[in-house]
Structures are given as C-alpha cells and as structure tokens.
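Since every read-out is calculated from the coordinates, none of them should be taken as a lab result. Please read all numbers here as calculations on a predicted model, not as lab measurements. Virtual Cβ from ideal backbone geometry, glycine too; neighbours counted across all protein chains shown.
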Amino acid sequence: MIQVDYACTPEEVQQHFQSCGTVNRVTILTDKFGQPKGFAYVEFVEVSAKRTNVPGLKQYFGRRPAGFRARRPFMPSPFYPPYAYG
C-alpha cells in the first residue's frame, strides 16, 4: 500500500512504478461515495526473492565489540538554579 495524491490516476501510478518491474494491477482505494482515500495498491507480475543470510558468514557493519565504550572526558552538567529570578 502506498500513499498517492487524491487526483492521481491508476495510469500515472503504473507509469511511476514501471522502473521497479512489470506492474500487473493498480487499485486506488475509494470511500463509499467513490471519492479517493489517497492510498493505492500496486501489484507486480514478478516478485523478487527474499534475501536470506548465509550460515557461517557474519557481517559486522557498524557493530562494536561487546565491552567497547567510548572514552570521553567527564563533563559536568551546567548548574541551573532551582528557581527563576524575578
């Protein structure tokens, strides 16, 4: 389900998503009065297979060792008086 402009036609949605694959069907949702709700379903002919992880192959992108802590100098927080002046 995608969000579309209220004035959008199924042909415009199909043309927009053609670069992602062959579009089988576009359904723009409407209320009981026939007015568009602003949402559409796009159904593609082919569905790409889900990527699966290969057992034994670990990826460490942006991960830190378990005991790692950033070393920053201690900075005390600024002192704020509990009551406003005036």
Förster-model FRET efficiency, 25 Å R0, residue 29 and residue 49, C-beta, rounded to 0.05: 0.30
Per-selection Rg to Rh, the range 1-52 - Cα, Kirkwood hydrodynamic radius: 1.05
Computed lengthening from residue 39 to residue 19, 0.36 nm per intervening residue step minus Cα-Cα distance: 5.2 nm
